[in-house]
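Values in this text are rule-based calculations from the coordinates and carry no lab data. On a predicted model such as this, the values are computed, not experimentally measured, just so you know. We place every Cβ from the backbone using ideal geometry, glycine too, and count neighbours over all the protein chains shown.
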Amino acid sequence: MRRECGAGGEPGQSGMATQSNPLQKLSPNKIRAYKQAPWREQTRLLAIGLAAIFGLMAMLGLFIFTGAQAAEAGLRVQSLIRERDRLLRRLESQESDLTQKQSEDWMRNRAKELGFVPVGAKDLDFLSVAQEPPPTPVPVSPTSFLYSGQEIALAPAYRETLLEWLLGFIRPKGGK
């Protein structure tokens, strides 16, 4: 335990709490051995005040910065909404023009402008087209799909699958 010394250097003579009298209160003047100089206290208070002011300024700067970003984002959203509305009006206008151009009256007028004339049933010529040729059978082995190009020329031994090779090995070449 630490014992405080008074002005005379003797333990227990300073009026502070001692082992013999633990309930005696310490006086504020006796806590330090000497009183701080006034300029040190003022400097300490000034530093605390400036730190608080700088902290508040940093918080306000952060609030202003985020507010400016939010305002900028809001303006960008409004700009995009205006652009979307302009594009929607343009799309509606183009759809209206297309609908008008697909009408029968417009097509007849345009055909007359290009020099076309109405045709009667006697003026029409019909062509008969032969029936579609029958589809060619497609081999189902995986190698036929892999090497279907003409530019790939591989020996048949490299194109057959293991199953085909086993079947060819089990069955004689001449019979089925």
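For a Förster distance of 30 Å, can you work out the FRET efficiency between the beta-carbons of residue 72 and residue 98, rounded to the nearest 0.05? FRET efficiency, residue 72 to residue 98: 0.20.
Taking the charge dipole of the stretch 37-101 about its Cα centre, with +1 at Lys and Arg Cβ atoms and -1 at Asp and Glu Cβ atoms, the residue from 58, 100, 68 reaching farthest to the positive side is 58. Rounded, prolate or oblate: pick one for the stretch 37-101, where a ≥ b ≥ c are the square roots of the eigenvalues of its C-alpha gyration tensor, a/c under 1.5 means rounded, and failing that, prolate if a/b is larger than b/c, else oblate. Here the stretch 37-101 falls in the prolate category. Backbone geometry of the stretch 102-109 corresponds, through the Karplus equation with coefficients 6.51, -1.76 and 1.60 at θ = phi - 60°, to 3J(HN,Hα) couplings of 8, 6, 5, 4, 4, 5, 5, 5 Hz, x marking Gly and Pro.
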